[in-house]
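Shown next, in structure tokens, is the structure this report addresses.
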Amino acid sequence: MVDPMSKKRIVKEAAKKDAEAAIEKPDRRKKHIDGIIKTVVSSTLGILSGVICFYFLYPTTERPENFSYLLLLLAFYVQKPIYMQMGMDVAHFNWKDWFFVAFMTMMLWFISWTLMLN
């Protein structure tokens with residue numbers, strides 16, 4: 001005699017497998033390409049903002065204010081439209097993705113600007 005609880009469990013497991021099969025798993029290649037795009041765009045904007053800060057926002061005695069942080073924030077905010085234009089789904093970015101983008105931009109801004117100041 002077969003236990004009716006095991007039949008229910010078998011039905012539940014079959015339904016669970018069908019639900020998992022219905023959900024598309026993200027394409028690993030697409031995720032890899034998106035990661036490369038995130039790295040290249042954030043690095044390029046970080047270096048570009050560091051170069052702009054060096055050549056155009058260098059504080060002098062006549063002009064002591066420095067707007068380099070505002071330029072860095074602009075480099076952060078301009079990335080979302082760039083990613084959307086490149087066909088990436090920014091709605092699925094989690095906090096780690098945005099932290100990575102911000103960190104890469106800030107580090108390359110700082111490194112490029114510091115190297116040029118020396």
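General remarks:
- Whole-Hz couplings from phi, Karplus 6.51/-1.76/1.60, listed for the range 66-77; x for Gly and Pro: 9, 9, 5, 5, 5, 5, 5, 5, 4, 5, 5, 6
- Paramagnetic reach from LYS96 (point 7 Å along Cα→Cβ, amide N under 19 Å) across the range 31-60: 31-40, 42
- Relative contact order (%) - criterion: Cα under 8 Å, at least six apart; region: the range 26-117: 49 percent
- Using only side-chain charges placed at the Cβ, +1 for Lys and Arg and -1 for Asp and Glu, the dipole size of the range 26-117 relative to its Cα centre rounds to 360 debye.
- Backbone geometry of the range 105-116 corresponds, through the Karplus equation with coefficients 6.51, -1.76 and 1.60 at θ = phi - 60°, to 3J(HN,Hα) couplings of 5, 5, 5, 6, 4, 5, 5, 5, 5, 5, 5, 6 Hz, x marking Gly and Pro.
- Karplus-derived HN-Hα couplings along the range 85-99 (A = 6.51, B = -1.76, C = 1.60, θ = phi - 60°), whole Hz, x at Gly and Pro: 5, 7, x, 8, 8, 6, 5, 9, 6, 9, 5, 5, 5, 5, 5
Each reported figure results from applying straightforward, stated rules to the coordinates on display, with no laboratory input. Bear in mind that the values here come from a model prediction, so they are computed numbers and not experimental data. Virtual Cβ from ideal backbone geometry, glycine too; neighbours counted across all protein chains shown.
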